[in-house]
1. Quickly run through the stretch 2-20 and pick out the residues that are over 11 Å from Ser133 (Cβ atoms), of a type in the set (D, E, K, R) and surrounded by 11 or more Cβ atoms within 10 Å (Cβ to Cβ).
2. Could you tell me which of the residues Trp118, Trp101 is surrounded by 15 or more Cβ atoms within 10 Å (Cβ to Cβ), modelled with pLDDT of 95 or more, on the phi < 0 side of the Ramachandran plot and in contact with an Asp or Glu (Cβ under 6 Å, 6 or more places away or on another chain)?
3. Taking the criterion of being charged (D, E, K, R) and in contact (Cβ under 8 Å) with a residue 60 or more places away in the chain, would at least one residue in the stretch 74-82 satisfy it?
4. If I ask for residues that are closer than 27 Å to Gly52 by Cα and in a strand (DSSP E or B), which ones from the stretch 89-113 would you list?
5. So Gly108 fits all but one of (1) without any contact (Cβ under 8 Å) to a residue 40 or more places away in the chain; (2) more than 19 Å from Asn6 (Cα to Cα); (3) surrounded by fewer than 18 Cβ atoms within 10 Å (Cβ to Cβ); what number is the exception?
6. So Val32 clears everything in (1) of a type in the set (A, V, I, L, M, F, W, C); (2) at pLDDT 95 or above; (3) surrounded by fewer than 16 Cβ atoms within 10 Å (Cβ to Cβ); (4) within 29 Å of Gln142 (Cβ to Cβ) except one condition, right? Which one?
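The values are calculated or read from the model by the stated rules, or taken from the named source; none is laboratory data. Nothing here was measured: the structure is a model prediction, and the numbers come from that model. Quick reminder, even Gly has a Cβ in these numbers, built from the backbone with ideal geometry, and neighbours come from all protein chains shown.
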Amino acid sequence: MPDKVNVRVAFRIVRDGETQEIDAPGRLHRLVDGWAVTCRMAGTSEGTEPTGESDMTLLVRDGEIRMSRRGTVSQDQAFRVGEWRSGTVGTAYGSMAAEAWTHRMETGLSKTGGTVEWEYDMRMAGQELGRCSIRLDIREEQI
């Protein structure tokens, strides 16, 4: 099997009752102890206004998801069920500390794609930001 395959990544993000769907080209990388998904996402505000692009890397291994985004939107966050995990969110005023409590996580990846889904509560600067659910459907792209 090649170390990486070209994929399409379909994101479904539900936050505060609002659903956002994003489709992006990417790559699925097989790691010794898990998987990595990389892609370039077009950003939107409130699901409609373009805000630029960001590069995302999602690592899935050892019962943990680690997300890193760079670009117009920046974020580094780890997720593990039943634990508060520290992270950072980039803002116009600099980076701010964040924490996420993961309620559930389901991963099912293979060399041709699969799904990654998790649900979490987020807080920053002592403020509860609400619950978010993210699902990635990853499918090998035939070239």
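1. Selection gives Lys4, Arg8.
2. Values: Trp118 fails: in contact with an Asp or Glu (Cβ under 6 Å, 6 or more places away or on another chain).
Within the list Trp118, Trp101, the selection yields Trp101.
3. If we filter the stretch 74-82 for residues that are charged (D, E, K, R), which is where we start, we get 76, 80.
Still in the list and also in contact (Cβ under 8 Å) with a residue 60 or more places away in the chain: none.
Scanning the stretch 74-82 turns up no residue that is charged (D, E, K, R) and in contact (Cβ under 8 Å) with a residue 60 or more places away in the chain.
4. Applying the first criterion (closer than 27 Å to Gly52 by Cα) to the stretch 89-113 yields 89-100, 113.
Scanning the stretch 89-113 gives Val89, Gly90, Thr91, Gly94, Ser95, Met96, Ala97, Ala98, Glu99, Ala100, Gly113.
5. Going through (1) without any contact (Cβ under 8 Å) to a residue 40 or more places away in the chain; (2) more than 19 Å from Asn6 (Cα to Cα); (3) surrounded by fewer than 18 Cβ atoms within 10 Å (Cβ to Cβ) one by one, Gly108 breaks only (2).
6. (2)
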